[in-house]
Amino acid sequence: MANVGVISLGCPKNLTDSEEMMGAMVKAGHQLVNDPEQADVILVNTCAFVGPAEQETRRTMQEFIAWKNQRANRHLLMTGCYTQKHRLRIREEFPDVDGFLGTADTANVGEALSWALARNTYYRVSDPSSGEQRVRDRVLATAAHTAYIKIAEGCNKACSFCIIPQLRGNYRSRSIDDIVAEVTGLVSAGVQEVVLISQESSYYGRDLGLRNGLDTLLERLCALEGLRWIRFFYVYPENMSERLIELVRDQPKICAYFDLPLQHVSTRVLKLMRRASTFESTCSLVQSIRRHIPQATIRANFIVGFPSETEAEFEELKGFLNEFQLERVGIFPYSREEGTGAALLPGQIDEDLKKQRYETLRAQQQSISRARLTQRMNQVLPVLVTHSAGYGRSEFEAPEVDGMIKIKSKKKLRPGQWVKVKITGAGLHDLEGILVP
């Protein structure tokens, strides 16, 4: 049996894969460790979504290749999106690595580990659509009160800037019964908040013949006793129903939080991105959310500097954000990725101009975000304590991606505790508040 350390890069979907692999290794009798110096084996679950993510992967791999070479009888495994993307040359790029697994092959981690311990090189990188979608034993890497739930794998979209379908395969939904069974088990183990994730959660269940699969799944989960909060990420606007908005409004367990990967608002740019939305449909969606749930937090991602984006289209994006005052916004300069349609488009924009547009939009949004947070002053909010140092989150802050609430309290607070907090201060990303008896 071996001491194993796991390094998970990238998104929460990657993290759930890492948690399943950790569960498989523990079930096989191996010991998980946090300190690399105590590990016999390190497994790196990699990311390759955009260029900076690939750079981080390469830096991390070089770091652990050096770790491996410092002492005999150390072993290194590599899995995830980088392995999948570069499957034809991955062994030549990293000859010191003992085993490679593709995104659909994580169930074989035990076999890969056994081969590595026997000083054999393992390689299994399959068709990314071949992975089975079912619940497996997991070791949570999140706090004990929160868990990510992957409801589907892969993507059927053909967005011109994205390589996810090449890395993760076609969209494959897990069954509702399977997801409910997993969440039921997690709740019985102390989890109070679940975050539903997939590449496109609004598409959930369509491959299973379900018309409004996400709505039905949420209704089933709301019926579970002991579950306090339900969030869902990555809801594409073109597949978002009015019923879903109403469900969030009417079900107190569902957080009033919408994560929308809008990417742009210009109809012409969205068409080049191969997105089904338009300026008009995007405005209509945001207006609908504001009308039904005025207090809701809307988080959205946008790409600036997409090929041939004009100054007028950039100003259109600025105007949209100024008008609708979204609470949380992620802004990313366009990254030209090999193998995508957008990489071949004419009108590639200069890196300096991308950076300029990024900085301009970021400065504008910082002012908006601060103003929106200031509007929560004097509100009393239910807060989930996440850190013993006195930090927590309300339903309007998602784990990892948003700010925190600093809680002033004479009492010692414990993670997983629920308290009421009156908001007394607001910064750029974070809030402050006092404990309400």
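At a glance:
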item: Cut-off under 5 Å, modelled amide H: who pairs with Tyr171 long-range; result: Cys155, Asn156
item: Expected 222 nm ellipticity per residue - DSSP helices of 4 or more, -39500 (n - 2.57), all of the chain, to 500; result: -10500 deg cm²/dmol
item: Ranking of Thr83, Thr267, Thr16, Thr374 by count of other Cβ atoms within 10 Å, fewest first; result: Thr374, Thr267, Thr16, Thr83
item: Listed pairs Lys157/Lys271; Lys253/Lys410; Lys318/Lys354; Lys157/Lys354; Lys13/Lys150 exceeding 18 Å between Cα atoms; result: Lys253/Lys410; Lys157/Lys354
item: Fraction of alpha-carbon pairs over 22 Å apart in region 3-130 - percent; result: 25
item: Unit charges on C-beta of K, R, D, E only; dipole of region 292-388, Debye; result: 660
item: Relative counts (whole %) of C-alpha pair distances in region 278-370, using bins that are 5 Å wide; result: 3, 12, 22, 22, 18, 12, 7, 3, 1
item: Kirkwood hydrodynamic radius of region 198-317, from inverse mean 1/r over distinct Cα pairs, in Å; result: 15.4
item: Sparse-neighbourhood loop sites, GluC sites (Glu not before Pro) in region 363-425 - DSSP loop, at most 16 other Cβ within 10 angstrom; result: Glu400
item: Region 146-374 - share of DSSP beta bridges that are antiparallel (%, nearest 5); result: 10
item: Whole-number D in µm² s⁻¹ for region 146-374, Kirkwood Cα-pair radius fed into Stokes-Einstein, 4 °C, 1.567 mPa s; result: 69
item: Charge dipole (region 11-167, unit charges on Cβ, about Cα centre) - positive-most of Ala28, Gly131, His75; result: Gly131
item: Calculated log₁₀ intensity ratio I(q)/I(0) where the Debye formula runs over C-alpha points of region 122-195, q = 0.14, 0.25 Å⁻¹; result: -0.58, -1.09
item: Mean projection area, nm², convex hull over Cα of region 369-437; result: 4.1
item: Normalised alpha carbon radius of gyration of the chain [divisor 2.2 N^0.38 Å]; result: 1.00
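Coordinate-derived values only; no laboratory data. On a predicted model such as this, the values are computed, not experimentally measured, just so you know. Every residue, glycine among them, receives a Cβ derived from its backbone with ideal geometry; neighbour counts consider all protein chains shown.
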